[in-house]
Structures are given as structure tokens and as C-alpha cells.
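The values are calculated or read from the model by the stated rules, or taken from the named source; none is laboratory data. Here the structure is a predicted model, which is why all the values come from computation and not from measurement. Reconstructed Cβ throughout: ideal geometry from the backbone, glycine too, with neighbour counts over all protein chains shown.
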Amino acid sequence: MQELRDLARRLLRENQVNVILGYECARRGVRPAFITEAADCDRLVFDHRCVHNLAAYLSPRRTHVRALGRPAVVIKACDARAVAGLIRESQIEREETVLIGVRCGGVVLDPADSSPLSSGNIAPRCSACDQREPALFDHLVGEPKGAPAGEASRDARLSEIEAMNPEERLGLWIGLLGRCTRCHACRQICPMCFCERCIADKTQPAWIETSPHSRGNFAWHLTRALHLAGRCVDCGECERACPARIPLGLLSRKAARSVASRYGYVVTDDPAIPTPIGSFQFDDGQEFIA
Amino acid sequence: MNIRRMIGKTDLDVLIRDLISAGKRVIAPVRCGDSQHEALEYAPVRSPAEIHWAGPLPLRSLKEIIFPPTETLFGWKQVKSSVEIEANPNGFRETVIIGARPCDAAAFEIVDRVMGWDYRDDLWFGRRQATTILTVACPHGDESCFCPAVGLSPESARGADWFLTPADGGFEAAILTQKGEALLEPYKAQWPEPNNFSKQQLSGLESKVRANLKVQPESIRQWLEKHFDDPLWKHVALRCHGCGACAFVCPACHCFDIVDEPEGIDRGRRRRNWDACQPALFTLHGSGHNPRKDQAARFRQRIMHKFNYYPARFGEVLCTGCGRCVRVCAAGMDLIAILAEIGRRSEEAGAAS
Amino acid sequence: MASSFEPNIVAFVCNWCTYTGADLAGTSRISMAPNVRIIRLPCTGRIDTLFILKALERGADGIIVSGCHPADCHYTAGNYHARRRFAIFRDLMEFVGIDPHRVTFSWVSASEGGKWAEVVDRTTERVRRLGPFRTYPRLARGAGE
């Protein structure tokens, strides 16, 4: 922690950056911090409550964050994949952002959860994660850490749904997506949902019905999952942000499974590797085409 | 009205079963559909056994019972060169809410003011009229609750037709309205009056949640009135992602959008949907201009509406202190901390003048 | 009763290959099922998956998406991009319980009038057996309706 604070202080003092996007303790657990004064760097923390993917604040659409000046951002390995995505898709320049990589031993689901990290409260994506430090960084801090094993395999549910018959699946998703009220928390918190004007906000024509009935919700969540196929960094933020507690990760992991099995593609923190939907091979499988 | 009754747990179950078999919609806190979470939500029940009387505040407020996230206003159909309107049969189904939390029940009375102000919203009042509310003394508060700071309490009966206080194996019920009396009528003779009218001592919940936030709404309002352009807004809004989660879980937020959705080339439906002031789209003009140009302006609007404009027009704040916006915010926006800061500044300004 | 059901099928086709192929089928007077309405687009690369969902919303029972064979795209690579997009979308559709048998993807060139007629006939027969897809448009029925 001291290493992180000292580094942040130095970056601000030497005018390498104008703001540190990091984490701080607040009244209710840990929350994102925007530190512009070297004297405030002791507020910075990094521990298993640092759930948030701060790469979301790097988007050029966040004008109020941009206005603070050149940022340094604290990133876990999963967050680094989002930074790579933003660079790959020409949203930010690699040189304009200082990346403070942190070694991570997994995080909890709720940043207000103050109990120690255990197999009972670790985010399922973290117990399955094999990347404990980012490969994309300017500075790397913290001690190497292992993560406690999680209790359930999170892909078990995915396979369970795949094994259902179509009517059961449709019934399941009508139940789940029927709860969506279209607050768009999933989109707003997503570091890869950076469109200036989302297709779901367009009304002439309204390709996606804005009403939160199941039909509008199917169009929205299917389209979002497709637009994130091969781009979703599996940070789990959409599912955490959902006030209706819809397991949105199932859709994005299904898309990830699809691009992995069809195109051997796994999301990386290498900005030079193109996304599967933005590229193709002449001999891509076409068993479904008549 | 000063009718009181002791209601045993089994008597209450009888009442609930009677309501269900009479075809009424009975809404109560139940375990949230997704079994992974220890969460509750208000939902229709088929049996009293489904009801959770204790436990945390339900995820979403009761608002959706009176004001659904989407509802059809009418349908239209093109017939030759004219348009036929098909009225939507908005039958207001008789509804009884069992186990409403005080902060949710109170919100209805607060929102009634704007819904009946310059235009009387028949959909809102139609459902209000058809709904009887049985509030229960709040069984559970946490670090995000602040109802005492906005003039309510875990034992506030505001907006309730019955107010239930747990008492040896059942409830002591205060019947507060004519609607409540009508609901009691079939059981009035069977159920005894309580022996003493002393108020039950609750588990110190009020003092616990009172400690979360100590401000005066009027002092907040005074500061807000003079600080439309204050650096505070830019500072606190930095982490906000601009979604509508806080507004959609809020019992008092009531903004909506009206859309026409075609069902084909010659017919469609006009629907009313929840809307929220934090997304940029809320105020985006057709020209591309947005009068609330950044998140600071949008977040200021949220606070101003609830704690300045609404009290200025209707005499009370548009907030019941349920704390859902605090719990639900994935970015850690904390209304309690923000109101405490505004309260502190207001006091400083008051001391200086 | 099922045999009397005539499905509504919407075909999204590219201007250069399949539309011309369908035209050839017509001028060659090849008989085929009359259930398909064609919507012509520049390229399969222009066919957004939302077109499929919108057609289902408005009551289509089946969908055909068709364009140039690989290596034949008028714009060089539109069909390669479309192929990946539709592959993933098909997996997602299946995952949420929309039967992918309602959607046919095919390559039909300008000279394949006969193949177009086959695609139309086979899709019509398959969707006829699946029955009407009223479930999807009715998903909009919510509170107060």
C-alpha cells in the first residue's frame, strides 16, 4: 500500500499526471477515488474490496473526468484487459495514460463487504482467474498473491442452461430479463460500452424498444451481448451494478465461450490482437450456413 | 380513527388467504427469485407462508405496484385515412400490500402531491385508490438508512391504512383509515382489542439509524438555494456513471417517458416508462444541445429536485431515507455523505452570518 | 391444423448475389413457396442482427439471411464479417431459447436461381413444422395489458 501511495505522490509531484484514479476507503467500504493533490495520496488503498473496474473512467465520453487532466489509473489484470480494449479500439492513446498495475489476489463481490477474503465471499470470476498481475502497465506494485478457491464452478450454470431444451431456456430468460427496468447500469459501468450514442438510445427508428417489457429487454440484452462478444473483459461490473440482480455474466460468458470455441479467441491485454468480430479468417467455420 | 386490534399470526394468515381466494392481488416481501442472494423483493404472493416479515429492505421500493416500469396508455390503429384509438382497459385490480416498510408507504403520500398537482394522474390515483397498505414497523435498518433525517422513523405510520407492531406472537394493529376499516370489517368482532395501548418498544432501531445522518432538511434546502453553481457538484459527481439505478430503486422518484411502439405498419401502442435524470439522454434536445451538459449538472438536478425544488413547491422533501440509492450504487455514490457535507456547509454558513 | 398454417418469412438478402439469384429464379419461372418477403440490402455485412429481432417482434415466423458465397463479396469482405457475427448471434439466440431453426443462413449466388428456390422451400417447410412464433411478439405484453 505504501508503495502505491509513494508512487502516486511522485507521479503527481513530478507532474507526470494530473489525477490518480484509484481506490479510497469511505463510509461504506471502498469506492473510486480521484486524487489531484500529492498530499491526498495517503487516502489510496488497494485490497480485496477494490472491485471496481476503473478503466471505465478513461473513456473520452467521461468529459468531467477528462477535464481533470492526464490520468494515472490503478488497474488489476482484468482492468488491464479493458485498458487494452480502449487502446485497440482507438478510444485512448497508450502514451496519454499512466498505468499502475497492481498484483491482485482476488476481490469480493461487494466493495462494502469488510470480511476477509475467503472461499465463501470471493467473486467467482476471481477464483477462476489465472492472471494475478497485468502484463500491460507502466508501474507494477504489490506483492504476488494467490486467491482462495471458490465454492462453485461458475461455468456449471452455463452448461446447465445449454443442456436445457429451447422452451425451458426461453422460460428462464423471460423470467430473468423480465426483471430488467432498463436503468442501463450494465452499460454505463461497462468500460467497453463507450459509444457516443448507444443503439438502445436511438429512437428514429427505435431498433431496440425502449420499454422495459420482455421483448424490449430481449432485444437490448441480446444486442449488448453480441456487441461485447470478444470484447467483454469479464470484470463482472455489469452484473454487480444490476439493481435487479440479473445474472448478466451468463450472456457475456456464453458469447465468450462462442468466440473461444469457434475462433480460438480469448480476450487479452495485448492491444495489438484484433477482436474476433472486427476480423475474420477465410476458412472460418460455416457449418450453420446452407 | 382509533381502532386497535391484537392479531395472532394465524389470524393474519387467515386474512391473507381470504384476500387471495377473493381474487385480490396480495403483495408482500418475498425471497428474491434468484436464490444466490439473501435478498427480498415485493411481489405477489399465493400463500402467507411466502412472506418474509423480517430481513433487509426489499431491493426495489413499492413504487412499481402503483406506477409500473412500463404500462400501455392506449393502442392505435390506422383505418383508411383516420386513426382509431383503442383504450387500454386499465382495470385497477384491488390490491393489498402486506408488510410494507414505513419508508415505502410514506413515499406514496409524498408523490401524491405532484401526481395530483397541475394534472391529475388517473393511472396513479386509480391504483392508489384500489390499494390498501398494511405497514409493518421496520424490522431491519443498516448503515444506509436515514429516515429520521427526513422526518420519518422506523415506526412511522405515514401512508399506512393499518400499522402493524409485532407483539407477543402476532401484531398489534392500528387501523388508520376508512380503507383500513373496510378491510378489518369481517374480522372486527373476532379479534380482541389490545389490553394496553402502550407503544411497543422496538429494538432501538430508530436511534441506530438516526446516528447515520444528522441534518435538518430545511438547512439543506437553504444551502442548495444559494449554491446552484458550487464546485461541490463537480467534485461529488466524478464517480457517477450516469445510469438510472438510483432513480429506479427510489420510492419517491417518479419521472417517466412516453413512447409510441409500432406493432406493424398500421398499429401500435403508446406506453409510459420509467425515466431517470442521471443519464445524459434525459435532457438531450433534438438539436444535439444538452442543457445539463455534464454529470455534475445532472447530479445537482437530482439533489436539487429532492431537497430544494420539491420542498419549495410542496413543503416536504422528495426522499424517505430508505437508503436504496446508497446501497445500489456500484460507483459508491453516497447520498448520506453528500447530505452530511451539505449540512455541515450550511451550518458553517449559518454560523458565519 | 398445423398443415394449414402458412408461415410469414422475411428474407434479408444482398443486392449483388442473392437478390439477383432470386430474380433469376423468378425469370426462370421456377416454382417455390410464396411465403417469403424479400428485403434487399447492399451486402450481408449490412444486415444487422437487430433486423432479425425486429422481424420476429413484428410477427415473422421465420427468417432467411443470404448473400454472396465466400470470396464473391462485391465489397471483398462483407460476407466474412457477417459470417462471424451471425455465428455468434446464432449461439446467443439459441442460448436464450429462440429456436435457431427459425433462421436460415445461406450463400446464394447470382446464378443459383434453383438454389434460392430450394432455400425458400426448405425454410418454409421447416418453419411450417415449427408452427407460428407468437411467443416473441407477445413478450411485450406486460403490466396493464
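Side notes on the structure shown:
- A:S114 falls short on exactly one of the conditions (1) part of a loop (DSSP other than H, G, I, E, B); (2) within 17 Å of the chain's Cα centre (by Cα); (3) small (G, A, S), and that condition is (2).
- B:E64 being within 12 Å of another protein chain (Cβ to nearest Cβ) and either under 30 Å from B:N195 (Cα atoms) or surrounded by fewer than 17 Cβ atoms within 10 Å (Cβ to Cβ) (or both): no
- Positions within segment B:299-332 being within 10 Å of another protein chain (Cβ to nearest Cβ), of a type in the set (K, R) and out of contact with any Asp or Glu (no Cβ under 9 Å at 6 or more places or on another chain), in sequence order: B:R324
- Residue list for segment B:138-154, filter: farther than 14 Å from B:N212 by Cβ and modelled with pLDDT of 95 or more: B:G151
- Any chance A:A206 is more than 9 Å from chain B (Cβ to nearest Cβ), more than 20 Å from the chain's Cα centre (by Cα) and either part of a helix (DSSP H, G or I) or without any contact (Cβ under 8 Å) to a residue 40 or more places away in the chain (or both): no
- Taken together, B:V30, B:V96, B:V26, B:V83 contain a single residue that is among the aliphatic types (A, V, I, L, M), away from chain C (no Cβ under 14 Å), without any contact (Cβ under 8 Å) to a residue 40 or more places away in the chain and surrounded by 17 or more Cβ atoms within 10 Å (Cβ to Cβ), which is B:V30.
- Each residue in segment B:233-257 was checked for being more than 10 Å from chain A (Cβ to nearest Cβ) and either over 25 Å from A:A56 (Cα atoms) or under 19 Å from the mean Cα position of the chain (by Cα) (or both), and 7 pass.
- Any hit, segment A:141-150, residues being touching a helix residue (DSSP H, G or I) at 6+ places or on another chain (Cβ under 6 Å) and either within 14 Å of chain C (Cβ to nearest Cβ) or under 20 Å from C:T49 (Cα atoms) (or both): no
- Reported count of residues in segment A:105-137, each being touching a residue at least 60 places away in the same chain (Cβ under 8 Å) and acidic (D, E), is 2.
- Count of residues meeting criterion [surrounded by fewer than 15 Cβ atoms within 10 Å (Cβ to Cβ) and more than 11 Å from chain A (Cβ to nearest Cβ)] in segment B:258-269: 3
- Evaluating C:A55 against the criteria (1) outside any loop (DSSP other than H, G, I, E, B); (2) touching a Pro at 6+ places or on another chain (Cβ under 6 Å) leaves one unmet condition, (2).
- Residues of segment C:53-73 classified as small (G, A, S), more than 19 Å from A:W220 (Cα to Cα), within 12 Å of chain A (Cβ to nearest Cβ) and buried (at least 22 other Cβ atoms within 10 Å of the Cβ), total: 2
- Candidates C:R134, C:R128, C:R83 - the one that is surrounded by fewer than 20 Cβ atoms within 10 Å (Cβ to Cβ) and either over 14 Å from A:F288 (Cβ atoms) or within 11 Å of another protein chain (Cβ to nearest Cβ) (or both): C:R134
- Just so you know, in segment C:39-52 the residues that are among the charged types (D, E, K, R) and outside any strand (DSSP E or B) include one that is surrounded by the most Cβ atoms within 10 Å (Cβ to Cβ), and it is C:D48.
- If you go through segment A:200-213 and pick out every residue that is farther than 17 Å from C:D48 by Cα and surrounded by 24 or more Cβ atoms within 10 Å (Cβ to Cβ), you end up with 3.
- Yes/no for C:V65 being touching a helix residue (DSSP H, G or I) at 6+ places or on another chain (Cβ under 9 Å) and in contact (Cβ under 8 Å) with a residue 60 or more places away in the chain: no
- The lone exception for A:P166 - which of (1) surrounded by fewer than 19 Cβ atoms within 10 Å (Cβ to Cβ); (2) closer than 26 Å to A:L58 by Cα it fails: (2)
- Selection from segment B:194-213 of residues that are part of a loop (DSSP other than H, G, I, E, B), at pLDDT 90 or above and surrounded by 12 or more Cβ atoms within 10 Å (Cβ to Cβ): B:N212, B:L213
- Within segment A:225-255, the set of residues being under 18 Å from A:N53 (Cα atoms), more than 14 Å from chain B (Cβ to nearest Cβ) and either in a helix (DSSP H, G or I) or acidic (D, E) (or both) comprises A:D234, A:S252, A:R253.
- Residues located in segment C:94-106, provided they are more than 11 Å from the chain's Cα centre (by Cα), touching a residue at least 12 places away in the same chain (Cβ under 8 Å) and surrounded by 22 or more Cβ atoms within 10 Å (Cβ to Cβ): C:I98
- Options A:A255, A:A225, A:A241, A:A229: the member that is surrounded by 24 or more Cβ atoms within 10 Å (Cβ to Cβ), modelled with pLDDT of 95 or more and in contact with an Asp or Glu (Cβ under 8 Å, 6 or more places away or on another chain): A:A255
- Yes/no for C:T76 being surrounded by fewer than 22 Cβ atoms within 10 Å (Cβ to Cβ), more than 10 Å from chain A (Cβ to nearest Cβ) and β-branched (V, I, T): yes
One line per residue, one yes/no per condition, for (1) of a type in the set (A, V, I, L, M, F, W, C); (2) more than 29 Å from B:G268 (Cα to Cα):
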{"residue": "C:Y75", "(1), (2)": "no, yes"}
{"residue": "C:M93", "(1), (2)": "yes, no"}
{"residue": "C:P100", "(1), (2)": "no, no"}
{"residue": "C:V119", "(1), (2)": "yes, yes"}
{"residue": "C:F133", "(1), (2)": "yes, no"}
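- With respect to (1) aromatic (F, W, Y); (2) surrounded by 15 or more Cβ atoms within 10 Å (Cβ to Cβ); (3) assigned to a loop (DSSP other than H, G, I, E, B), the lone exception for B:F282 is condition (3).
- From B:H289, B:H254, B:H241, residue being part of a loop (DSSP other than H, G, I, E, B) and under 27 Å from B:G75 (Cα atoms): B:H254
- Test: residue in segment B:282-295 that is more than 9 Å from chain A (Cβ to nearest Cβ), under 27 Å from B:S153 (Cβ atoms) and small (G, A, S): no
- Qualifying residue in segment A:55-76 (condition: within 11 Å of another protein chain (Cβ to nearest Cβ), in contact (Cβ under 8 Å) with a residue 60 or more places away in the chain and assigned to a helix (DSSP H, G or I)): yes
- Verdict on B:A276 being at the interface with chain A (Cβ under 8 Å from one of its Cβ atoms) and surrounded by 15 or more Cβ atoms within 10 Å (Cβ to Cβ): yes
- Every residue from segment C:1-31 that is over 15 Å from the mean Cα position of the chain (by Cα) and hydrophobic (A, V, I, L, M, F, W, C): C:M1, C:A2, C:F5, C:W16, C:L24, C:A25, C:I30
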